[in-house]
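The values are calculated or read from the model by the stated rules, or taken from the named source; none is laboratory data. Just so you know, these numbers come straight off a predicted model, no measurement behind them. With ideal geometry, Cβ positions are generated from the backbone for all residues, glycine too; neighbour counts draw on all protein chains shown.
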Ligand code: PMT
């Protein structure tokens with residue numbers, strides 16, 4: 001079907017930030033609005049896919065006709081993503097997952113004192129890396145990379161380390177790209193190529209990403 005090219009495919013998308021609790025009232029997070037991940041999920045739905053969207057806390061409306069799974073922490077995102085990943089055809093990790101979490105989340109609100117407060121952080125699981133390790137031959141995996149320097153080099157390294165088929169790199173310091181905007185400006189990396197795309201709407205980028213993934217699935221790399 002020309003207009004529903006993803007019919008019969010399951011597309012799993014992650015979006016938004018994660019929140020890593022310090023105590024019952026505080027958390028560590030980042031500036032992701034969820035717009036990029038939601039735009040990809042909406043596009044996949046419009047192209048006929050069965051879509052699951054695993055989302056951190058954002059202020060966007062839930063997407064109609066998309067299975068919404070809401071989480072807060074990276075650990076919970078890992079659980080939700082791995083549960084849905086097994087039978088997914090396309091997986092796109094657009095979420096800004098925290099690399100670290102406070103070692104312990106206090107049961108009670110941390111009281112202020114006159115002393116410094118020192119918080120110890122531990123590593124969170126790398127969900128994309130795990131997805132790359134358990135990827136089946138028919139699955140197509142797309143990661144994102146958010147960088148502030150050496151965008152293309154760092155993105156190439158992520159593509160290889162995390163065994164992705166496709167990697168979308170955006171630069172935090174480019175106007176009209178990355179966090180919170182309605183547009184993005186990205187480098188699109190595949191195993192043997194890199195392309196610098198012009199500024200486009202996040203949904204239009206979603207279409208481009210899904211078309212690339214479909215071509216990879218059909219073996220037209
Ligand atoms: O939500 P918006 O405001 O629209 O902004 C969009 C965006 C900037 C968040 C998005 O375009 C983007 O770049 N998402 C990835 C941000 C990120 O965490 O990049 P990273 O370079 O730290 O991580 C690389 C990849 O590994 C990402 O696919 C990430 O989802 C994944 N990852 C990272 C850490 C971790 N512990 N587990 C992961 O799976």
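Within the stretch 132-143, is there a residue that is more than 19 Å from the chain's Cα centre (by Cα) and within 23 Å of residue 75 (Cβ to Cβ)? Looking through the stretch 132-143, none of the residues is more than 19 Å from the chain's Cα centre (by Cα) and within 23 Å of residue 75 (Cβ to Cβ).
Scoring residue 107 on the criteria (1) farther than 25 Å from residue 84 by Cα; (2) under 16 Å from the mean Cα position of the chain (by Cα) leaves a single failure, condition (2).
For the stretch 87-106, taking the residues that are modelled with pLDDT of 95 or more and loosely packed, with under 15 Cβ neighbours inside 10 Å, the one that is farthest from residue 164 (Cα to Cα) is identified as 103. Assigned to a strand (DSSP E or B), farther than 24 Å from residue 11 by Cβ and within 15 Å of the ligand (Cβ to nearest atom): does that describe residue 122? Yes: the conditions hold for residue 122.
When we screen 12, 6 for residues that are in contact (Cβ under 8 Å) with a residue 60 or more places away in the chain and either in a strand (DSSP E or B) or loosely packed, with under 15 Cβ neighbours inside 10 Å (or both), the only hit is 12. Scan the stretch 1-60 for residues that are at positive phi and within 17 Å of the chain's Cα centre (by Cα) and jot them down. The answer is 16, 34.
Within the stretch 157-170, if we keep just the residues that are out of contact with any strand residue (DSSP E or B) (no Cβ under 6 Å at 6 or more places or on another chain) and in contact (Cβ under 8 Å) with a residue 12 or more places away in the chain, the residue that is nearest to the ligand (Cβ to nearest atom) turns out to be 161. For the stretch 68-87, taking the residues that are in contact (Cβ under 8 Å) with a residue 12 or more places away in the chain and over 11 Å from residue 54 (Cβ atoms), the one that is farthest from the ligand (Cβ to nearest atom) is identified as 87. Scanning for something out of contact with any helix residue (DSSP H, G or I) (no Cβ under 7 Å at 6 or more places or on another chain), within 16 Å of the ligand (Cβ to nearest atom), part of a loop (DSSP other than H, G, I, E, B) and at pLDDT 95 or above, does the stretch 37-54 turn up at least one residue? So far as the stretch 37-54 goes, no, none of its residues is out of contact with any helix residue (DSSP H, G or I) (no Cβ under 7 Å at 6 or more places or on another chain), within 16 Å of the ligand (Cβ to nearest atom), part of a loop (DSSP other than H, G, I, E, B) and at pLDDT 95 or above.
In the stretch 136-149, what residues are more than 7 Å from the ligand (Cβ to nearest atom) and either in contact with a helix residue (DSSP H, G or I) (Cβ under 9 Å, 6 or more places away or on another chain) or within 19 Å of residue 41 (Cβ to Cβ) (or both)? The answer is 138, 139, 140, 141, 142. Is it fair to say residue 65 is within 20 Å of residue 25 (Cβ to Cβ) and surrounded by fewer than 19 Cβ atoms within 10 Å (Cβ to Cβ)? Here the answer is no, as residue 65 does not meet what is asked.
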